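Engineer: Here it is, the structure, as structure tokens.
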Amino acid sequence: MAAKSISINRAPVLTMWAAVVAQRLGFDEDEALTLGKAVAGLNAQAKGRRLGIFKPHEEKAKKAQEKKRGERFLIEVCGRPVPAENTDEGIRAVKGAQVIEPNGVRRYLEGKFGDDLGAVRKVMQRLAKGYKPKALADHCYRLYERFRPEIPEGIKGWGAKGDLDLGLIEGLARQKKEAEGLQ
């Protein structure tokens, strides 16, 4: 594959990467897509609070503490505890009171990546497959930090696009494979 660079902001990149990681960890595609979307949303909330764009919601925390056991559970993906629940269709991440729908995540990713979606998914899957599931779970966010698009620091970077270098991701996958061959 020829090295390709895509101008895109970080949220869809993290959504796709977290979904690929979740699928490698044993979730089906629909489950993984919802988990990926939730990871990116939680990351955006945390960054928005850190930058002062969003204010913490003490009321939400209090309401969450009042929930009964068994209503929701947490799944850790890319270092983030993601709220989820079992539905008739399988495990789904939730945002607030809403179950995240996998088809909505598909449309989101298709809209953001366009014709490059397949190539991005393929190269990320190749990188994820280079790791045993436990190692991937432990290192996935650090891997993301190595290939995510570079954007300006602080508020200037909020929603800004940067270059996602598919050649860099491919190189990380190749390095991992070569390192495995040396062991």
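Bear in mind these aren't lab numbers, they're just calculated from the coordinates by the rules spelled out. Small disclaimer: the values here were computed from a predicted structure and weren't measured. Because the Cβ atoms are built from the backbone with ideal geometry, glycine has one as well, and the counts that use them run over all protein chains shown.
Engineer: Whose amide H sits under 5 Å from the amide H of residue 95, counting only residues 5 or more places off or on another chain, with H placed in the peptide plane?
Structural biologist: 100
Engineer: While we're on this one: How many nm is it between the label spots at residue 115 and residue 101, if each spot is 7 Å from the Cα in line with the beta carbon?
Structural biologist: 2.9 nm
Engineer: Let me ask you something else. With the crude spin-label approximation of a point 7 Å out along Cα→Cβ, what separation in nm comes out for residue 153 versus residue 135?
Structural biologist: Computed distance between label sites residue 153 and residue 135 equals 3.4 nm.
Engineer: Going toward the positive end of the dipole of the range 82-166, with +1 on Lys and Arg Cβ and -1 on Asp and Glu Cβ, which of 136, 149, 84 do you reach last?
Structural biologist: The listed residue farthest towards the positive side: 136.
Engineer: Could you list, in their original order, any pairs among 134/176; 122/176; 134/177; 95/176 whose Cα atoms are separated by more than 25 Å?
Structural biologist: Details: 134/176 15 Å; 122/176 16 Å; 134/177 17 Å; 95/176 34 Å.
Distance filter (> 25 Å) returns 95/176.
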